[in-house]
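Take a look at the structure below.
The values are calculated or read from the model by the stated rules, or taken from the named source; none is laboratory data. It should be emphasised that the depicted structure is a prediction, and the values quoted were computed from it without experimental measurement. All Cβ positions, glycine included, derive from the backbone under ideal geometry; neighbour counts span all protein chains shown. Ligands, DNA and RNA are stripped out before the accessible areas are found, and what is left, the full protein with its side chains, is counted by its heavy atoms. Shrake-Rupley method; radii C 1.70, N 1.55, O 1.52, S 1.80 Å.
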Amino acid sequence: MALTIDALKPVLDHVVINVMGKLDEAAAQYSRLGFKLTERGHHSLGSSNNLAIFGENYLELLGYLPGKETKRADLWAHPPGLTGLVFKSVDPDLVFAALKQRGVPAEEPMSFSRPVPLPGGAQDARFRVVRVSGEEVQNGRTFFCHHDTPELVYRPEWRGHPNGAIDIVEFVIASKAPSRTAALYERMFGVPLLTEIPGGVSFRAGLATVRVLEPSAVAERYAGAALVSEDGSDRMVTLVFKVPSLDVPRAVFEKARIGYRPYVDGIVVSHADAANVALGFTAP
């Protein structure tokens, strides 16, 4: 049966942390935080990355190597930190058509690849993405990612993290006007999507919840661990990971002498220790 516009559902695929020219520094930080990172990858478009793969989604540290900062200049216009909210794509052509039908400015599907070193030799991971036009999202990007070769990304040997992280379960945007910011996602996926919560709105995206909160609500909920936008514009600021027990990340942080503090659902690490992103950890 052919897919229709109704097949477009919010499911988090991955998140992007913009580290610009500091890939080595960010990779070292996230390794100390207990994430098992993939080898450095290099996109055919010119950017480079390290990934932390989880069950249903993953984290991408995205930057550039010396001399390649002009290859994807559009990416580096955003401030360092969390800058990408990426949904799974059922079909890139359908996604593009659905967004256009719903009045969401979008760019046509774009293809690129990245060699993945494997024991039997390198293979190309191939992707097609559909991006919501840049002016729609402040200080970041929202797009859909279709994996032509998911078996080269979601590999079981990359899923075991010393800090116990199983999946990303929260993505947080700080906004002085949460309903205005979140309206984009309701246009993308259809009504009803949003749920009112204290200090803002939220919606489900697979295993994750996307929260769009007023800055004061972010500060209160995440114990002051998140960044504050200096000019008052929207900012993607916090990720939360599910772990089997809070004792697991605590042991990692204490061994590495990384500070953490309690928050409403677990423990949280300051943005200063995680490439400008507050990292929360919660257990069932």
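Some notes on this structure:
- Tally, over the stretch 109-133, of residues that are under 24 Å from LEU184 (Cα atoms) and in contact with a helix residue (DSSP H, G or I) (Cβ under 6 Å, 6 or more places away or on another chain): 3
- Test: residue in the stretch 142-154 that is among the hydroxyl-bearing types (Ser, Thr, Tyr), over 24 Å from GLY280 (Cα atoms) and either in a loop (DSSP other than H, G, I, E, B) or modelled with pLDDT of 95 or more (or both): yes
- Test: residue in the stretch 40-52 that is of a type in the set (A, V, I, L, M, F, W, C), at pLDDT 95 or above and outside any helix (DSSP H, G or I): yes
- Of all residues in the stretch 76-91, those satisfying the criterion of being farther than 21 Å from LEU8 by Cα and either open to solvent by less than 10 Å² (accessible area, probe 1.4 Å) or small (Gly, Ala, Ser) (or both) are ALA77, GLY81, LEU82, THR83.
Condition check ((1) part of a loop (DSSP other than H, G, I, E, B); (2) farther than 26 Å from LYS100 by Cβ; (3) at pLDDT below 95) across all residues:
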{"residue": "GLY164", "(1), (2), (3)": "yes, yes, no"}
{"residue": "PRO192", "(1), (2), (3)": "yes, no, yes"}
{"residue": "GLU196", "(1), (2), (3)": "no, yes, no"}
{"residue": "ARG204", "(1), (2), (3)": "no, no, no"}
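- Output for the stretch 92-110, where each listed residue is open to solvent by less than 50 Å² (accessible area, probe 1.4 Å), hydrophobic (A, V, I, L, M, F, W, C) and not in a loop (DSSP other than H, G, I, E, B): LEU94, VAL95, PHE96, ALA98, LEU99, ALA106
- Residues in the stretch 258-279 that are among the small types (Gly, Ala, Ser) and either in a loop (DSSP other than H, G, I, E, B) or closer than 18 Å to ALA27 by Cα (or both): GLY259, SER270, ALA272, ALA274, ALA275, ALA278.
- Qualifying residue in the stretch 57-75 (condition: open to solvent by 40 Å² or more (accessible area, probe 1.4 Å) and under 16 Å from the mean Cα position of the chain (by Cα)): no
- Qualifying residues in the stretch 207-257 (those that are among the β-branched types (Val, Ile, Thr), within 22 Å of ARG159 (Cα to Cα) and not in a strand (DSSP E or B)) - the one least open to solvent (accessible area, probe 1.4 Å): VAL243
- Some residue of the stretch 23-39 being part of a strand (DSSP E or B) and surrounded by 15 or more Cβ atoms within 10 Å (Cβ to Cβ): no
- Selected residue (criterion: farthest from the chain's Cα centre (by Cα)) from residues of the stretch 134-169 that are among the polar types (S, T, N, Q) and open to solvent by 20 Å² or more (accessible area, probe 1.4 Å): GLN138
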